[in-house]
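Below: one structure, written as structure tokens.
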Amino acid sequence: MRQFINAKETLVTEALDGLLRTAGGRLARLDGYPHIKVVVRSDWDRSRVALVSGGGSGHEPSHAGFVGRGMLTAAVCGEVFASPSVDAVLAGILAVTGKAGCLLIVKNYTGDRLNFGLAAERARAQGMRVSMVVVDDDVALPDLPQARGVAGTLFVHKIVGALAEAGADLDTLTAEAQRVISGVVSIGMSLDTCTIPGSPKEDRIAQGKAELGLGIHGEAGIEQVEFAGARDAMEKVVARLAPEIGEGPHVALLNNLGGATPLEMAVLAEELVRSRIGERIRWMVGPAPLMTSLDMKGFSVSLLPATKADEDALRAPVAPWAWPGCLPVGEIEVHELPDGLTPIKPIPSAHDGTRAILEECCRGLIAAEADLNALDAKSGDGDTGSTLATAARALTKALDRLPLADHTQLYRAIGIELSQTMGGSSGVLLAIFFAAAGDASASGATAIDALRAGLDRVQQVGGAQAGDRTLIDALEPALRALPDGLAVAAAAAREGADATARMRRARAGRASYLAEGTMLGYNDPGAEAVARLLEHLVAKGRVGG
């Protein structure tokens with residue numbers, strides 16, 4: 001089991017109790033565990049129409065996370081991906097419904113429709129005014145006789161919730177809910193299925209593929225498509241949504257299905273706004289996890305043609321913490337850099353030999369990207385190769401504007417370029433290295449002595465020495481051997497890099513945060529990068545310059 005749970009049998013009740021303990025007194029539950037799992041507003045007085053929703057668990061924060069002032073009055077929770085029982089739904093209705101009545105907001109799944117529907121009939125038999133609406137916003141499978149209800153349900157929760165809070169009657173709320181349902185459309189895409197507690201994971205989505213239109217319970221979608229990045233993924237989603245919407249202003253709800261990172265979701269938000277329908281998106285809810293599918297690595301987009309009243313309702317303040325707000329989509333505001341940080345533009349000059357060596361260095365680092373990432377993943381975030389390759393690509397593009405014929409200015413220019421394009425501690429240290437080499441060169445040092453001066457400065461600033469399991473272990477012996485030729489320097493770097501695999505403890509860098517012996521048998525990725533670079537130059541015959 002690779003999930004932070006105790007047992008699947010107690011997962012939902014323990015999760016609900018965790019939610020209630022951290023809700024600041026806003027929420028309560030009915031005393032019906034384990035079969036009746038109903039979360040209610042603790043401040044509810046039954047003076048207005050109650051809004052009740054729910055369904056299977058595993059979609060958190062839906063639905064219990066949206067209980068509170070301005071949204072739901074109660075949420076009825078089933079087991080993971082299982083509809084709650086009729087008795088549980090009835091308990092929720094009876095607990096919160098007064099003379100004003102109750103509106104049930106149900107996603108279009110057979111179990112939910114049946115259980116909520118029968119509970120509504122039983123509540124009506126007891127004299128209660130109960131209405132029910134069914135959300136069917138998924139446009140992934142147009143040939144289905146009944147479309148599924150997915151994240152567009154949250155538009156109903158929020159708009160009708162604002163109206164209910166303002167005192168609208170049951171008939172008005174039912175009509176408004178139906179209006180919203182008739183306008184909202186949704187579709188999702190994922191790179192992987194979800195992991196259902198206690199069940200083996202279904203690995204039906206192959207590497208390099210994405211599934212378009214899959215359901216929030218992991219149901220298969222309309223097709224598997226080639227995955228070619230965020231822009232292409234969003235374009236495929238938009239292509240399904242575009243025929244379903246009109247030309248007016250819309251609100252988009254960008255939903256994280258559970259396993260996408262905030263970074264990925266921000267990229268998807270940008271791609272949605274830049275897409276062919278971007279000009280029609282006036283407001284956006286999210287990106288945020290709103291109606292998830294456990295740990296599914298995917299997203300969904302819901303669109304609603306919005307009136308001014310809808311916009312006001314979506315922006316009205318609410319108590320539930322899970323609602324991220326509805327914010328206007330605007331232009332990117334860009335401010336100029338502060339004085340002193342505007343990039344210094346060196347005077348370009350040509351030198352074929354220097355250019356050839358730099359190009360070969362960049363090619364070598366780019367070629368080693370995957371291997372260095374894999375090595376770095378043993379001790380951290382696996383980005384050493386990408387960091388160096390990103391800098392190499394940027395440096396390649398910058399060659400035409402570098403002073404290639406003036407080594408003193410070239411060192412400094414490379415240092416500035418790396419400080420702007422290379423992240424992490426490696427970028428800072430290499431920027432220092434080349435800046436110090438430029439200073440030494442300006443004082444008359446030879447190329448080798450200038451590079452040694454750069455190494456000295458890096459050691460002073462960074463604190464690492466030979467034997468600390470860093471790139472210094474390859475760079476220092478390589479520079480010491482460089483007067484004897486590049487091949488000798490490459491051999492010295494290789495020996496130093498391989499020695500790091502026998503060091504029990506790192507004294508600098510990210511690996512120094514790991515337990516002693518953790519990295520035995522693995523070369524330090526920085527040292528490996530130095531050795532790989534020099535070996536590449538030797539293999540390509542770049543022994544001078």
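Assorted remarks:
- Neighbour net charge for Gly188 - beta-carbon separation under 12 angstrom, K R +1, D E -1: 0
- Entry comment: accessible area of the stretch 1-123 is 41 Å² per residue, from protein heavy atoms only and a probe of 1.4 Å.
- Cα centroid separation - the stretch 292-342 against the stretch 46-62, whole Å: 23
- Whether the stretch 1-134 is rounded, prolate or oblate, judged on the alpha carbon gyration tensor where a/c under 1.5 counts as rounded: oblate
- Which of Gly117, Gly454, His59, positive extreme of dipole for the chain (C-beta unit charges): Gly117
- Taken per residue, the accessible surface of the stretch 379-471 reaches 43 Å², heavy atoms only and a 1.4 Å probe.
- Cα-based reach from Lys308 at 20 Å (exclusive), listing aspartates and glutamates while leaving out same-chain residues under 8 positions away: Glu165, Glu176, Glu247, Glu279
- Kirkwood hydrodynamic radius computed over the chain comes to 27.1 Å, based on all pairs of distinct alpha carbons.
- Highest average packing first - 130-136, 253-259, Cβ atoms within 10 Å: 253-259, 130-136
- Range of Cα positions in the stretch 142-247 per principal axis (Å), largest first: 51, 41, 27
- Taking the average, over residues, of other Cβ atoms within 10 Å as the packing measure, peptides 190-199, 81-90, 276-285 rank 81-90, 190-199, 276-285 from highest down.
- Over the stretch 253-367, the pair-distance histogram of Cα-Cα distances with 5 Å bins from zero comes to 2, 8, 13, 14, 12, 10, 8, 8, 8, 6, 5, 3, 1, 0 percent, rounded to whole numbers.
- More than 18 Å apart - percent of Cα-Cα pairs taken over the stretch 1-60: 43
- Table column - 3J(HN,Hα) (Hz), the stretch 197-209, Karplus curve with 6.51, -1.76, 1.60, x for Gly and Pro: x, x, 10, x, 6, 8, 9, 8, 9, 6, 4, x, 10
- Normalised alpha carbon radius of gyration of the stretch 218-266 [divisor 2.2 N^0.38 Å]: 1.32
- The stretch 200-273 and the stretch 434-466 have Cα centres spaced 50 Å apart.
- Ignoring lysines fewer than eight residues from Lys99 along the same chain, the ones with Cα atoms less than 27 angstrom from its Cα are Lys37, Lys107, Lys158.
- Judged by the ratio a/c of the largest to the smallest principal axis of the C-alpha gyration tensor, the stretch 345-456 counts as prolate, that ratio being 1.5 or greater while a/b is larger than b/c.
- Under a 5 Å amide H cut-off, with hydrogens placed 1.01 Å from N, Val185 pairs with Leu303 among residues at least 5 apart or on other chains.
- Per residue, the convex hull volume that the Cα atoms of the stretch 187-309 enclose (Å³): 101
- To put it simply, the accessible area of the stretch 1-124 at a 1.4 Å probe is 53 percent carbon and sulfur.
- The helix-only estimate of mean residue ellipticity at 222 nm for the chain, built from DSSP H runs of length n ≥ 4 each weighted as -39500 (n - 2.57), is -13000 deg cm²/dmol after division by the residue total.
- Per residue value of the accessible surface for the stretch 170-275 (all protein chains in place, 1.4 Å probe), Å²: 43
- Antiparallel bridges, percent of DSSP beta bridges restricted to the chain (to nearest 5): 55
- Amide H contacts of Ser293 (H built 1.01 Å from N, under 5 Å, at least 5 apart or other chain): Gly258
- Student exercise, the chain dipole from Lys, Arg, Asp, Glu Cβ charges, in Debye to nearest 20: 780
- Oblate is the label for the stretch 402-497, because the ratio a/c of its alpha-carbon gyration tensor axes (a ≥ b ≥ c) is 1.5 or higher and a/b is not greater than b/c.
- Taking Cα centre as origin and charging only the Cβ of basic (Lys, Arg, +1) and acidic (Asp, Glu, -1) residues, the dipole magnitude of the stretch 1-104 rounds to 320 debye.
- Portion, in percent, of the accessible area of the stretch 267-394 that falls on carbon or sulfur, probe 1.4 Å: 57
- Computed Kirkwood radius, in angstrom, where 1/r is averaged over Cα pairs of the stretch 69-190: 14.8
- In order through the stretch 490-502: 3J(HN,Hα) via Karplus (6.51 cos²θ - 1.76 cosθ + 1.60), integer Hz, x for Gly, Pro: 5, 5, 5, 5, 4, 4, x, 5, 5, 5, 5, 5, 9
- Long-range amide H partners of Ala50 with built H, under 5 Å: Gly98, Gly101, Cys102, Leu103
- Coupling constants for the stretch 425-437 follow from the phi torsions by the Karplus curve (6.51 cos²θ - 1.76 cosθ + 1.60, θ = phi - 60°), and in residue order they are 5, 4, x, 5, 5, 6, 5, 4, 4, 6, 5, 5, 4 Hz; glycine and proline get x.
- Remark on the stretch 104-162: Rg and Dmax equal 12.9, 39 Å (Cα only).
The values are calculated or read from the model by the stated rules, or taken from the named source; none is laboratory data. On a predicted model such as this, the values are computed, not experimentally measured, just so you know. A quick note on method: Cβ atoms are made from the backbone with ideal geometry, for glycine too, and the neighbour counts reach across all protein chains shown. Side chains are part of the model used for accessible areas, which takes the heavy atoms of the whole protein and leaves out ligands, DNA and RNA. Shrake-Rupley method; radii C 1.70, N 1.55, O 1.52, S 1.80 Å.
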